[in-house]
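K.L.:
Structure provided below as structure tokens; questions to follow.
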Amino acid sequence: MTELMLPLLEKVAPDAQVITVSFAGMYTSPLTTDLEYSDADFEGVEQYARNKRVQVALTEKWAEVHNERGIGFYSMHAGWAEMPSVAKSLPGFSKSLSGKLRTKQEGADTIIWLALQPKDKLVSGAFYFDRALAPKHLMFAATGDSYTH
């Protein structure tokens, strides 16, 4: 869908932005070519993390491929927010951290911040958390070698 929108985004360049919302669980998931779980039993949370890893890599690739089009591409994660989807997919996690997770508004903060920033203050292809650049891979998580930057 994003690629189909590129001609429209170019019309509003240099103000055009694509913001991809990821999830902290992607830190545990390397980029893989087995997105259909042909080698293992399906596990929903792991699949979600895989898809979010793919989104971050794809956003980085779009920034490289379309760097001359005047469109900024950014990915981010909102932290763990107290939301029905978290309670449903991770009930034990949600229950044990009830009252300690971010609010929906706190989770949306960096998304809104990115949308309002002048592009010269951001890095296209970068990953953001809490209004700041953040690593796309964590040390010892074994995800850094899963694709080249």
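K.L.:
Can you tell me which of G79, G70 is surrounded by 13 or more Cβ atoms within 10 Å (Cβ to Cβ), over 18 Å from the mean Cα position of the chain (by Cα) and at positive phi?
P.N.:
G70
K.L.:
In addition: Given S38, S22, which one is in contact with a strand residue (DSSP E or B) (Cβ under 8 Å, 6 or more places away or on another chain) and small (G, A, S)?
P.N.:
Of S38, S22, the one residue that is in contact with a strand residue (DSSP E or B) (Cβ under 8 Å, 6 or more places away or on another chain) and small (G, A, S) is S22.
K.L.:
Quick one: E64 ticks every box in (1) over 16 Å from the mean Cα position of the chain (by Cα); (2) touching a residue at least 60 places away in the same chain (Cβ under 8 Å); (3) within 24 Å of H137 (Cα to Cα); (4) open to solvent by less than 80 Å² (accessible area, probe 1.4 Å) except a single one, so which number is it?
P.N.:
All conditions are met except number (4).
K.L.:
Within region 1-47, work out how many residues are aromatic (F, W, Y) and open to solvent by 40 Å² or more (accessible area, probe 1.4 Å).
P.N.:
Residues in region 1-47 being aromatic (F, W, Y) and open to solvent by 40 Å² or more (accessible area, probe 1.4 Å): 1 in total.
K.L.:
Can you tell me how many residues in region 114-149 are modelled with pLDDT of 65 or more, within 15 Å of the chain's Cα centre (by Cα) and not acidic (D, E)?
P.N.:
Total satisfying the criteria: 17.
K.L.:
Residues that are of a type in the set (A, V, I, L, M, F, W, C), within 18 Å of the chain's Cα centre (by Cα) and either modelled with pLDDT under 80 or open to solvent by less than 40 Å² (accessible area, probe 1.4 Å) (or both): does region 87-107 have at least one?
P.N.:
There is no residue in region 87-107 that is of a type in the set (A, V, I, L, M, F, W, C), within 18 Å of the chain's Cα centre (by Cα) and either modelled with pLDDT under 80 or open to solvent by less than 40 Å² (accessible area, probe 1.4 Å) (or both).
Here is a yes/no grid of residues against (1) part of a loop (DSSP other than H, G, I, E, B); (2) closer than 30 Å to P118 by Cα; (3) out of contact with any Gly (no Cβ under 6 Å at 6 or more places or on another chain):
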site: L6; (1), (2), (3): no, yes, yes
site: L9; (1), (2), (3): no, yes, yes
site: T32; (1), (2), (3): yes, no, yes
site: F42; (1), (2), (3): yes, no, yes
site: Q47; (1), (2), (3): no, no, yes
site: E60; (1), (2), (3): no, yes, no
site: E64; (1), (2), (3): no, yes, yes
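The values are calculated or read from the model by the stated rules, or taken from the named source; none is laboratory data. Treat the numbers as computed from the prediction; the structure is a model and nothing was measured. When we count neighbours, we look across all protein chains shown, and the Cβ atoms used for this are built from the backbone with ideal geometry, even at glycine. Quick note on the areas: whole protein, heavy atoms, side chains included, nothing else; ligands and nucleic acids left out. Shrake-Rupley method; radii C 1.70, N 1.55, O 1.52, S 1.80 Å.
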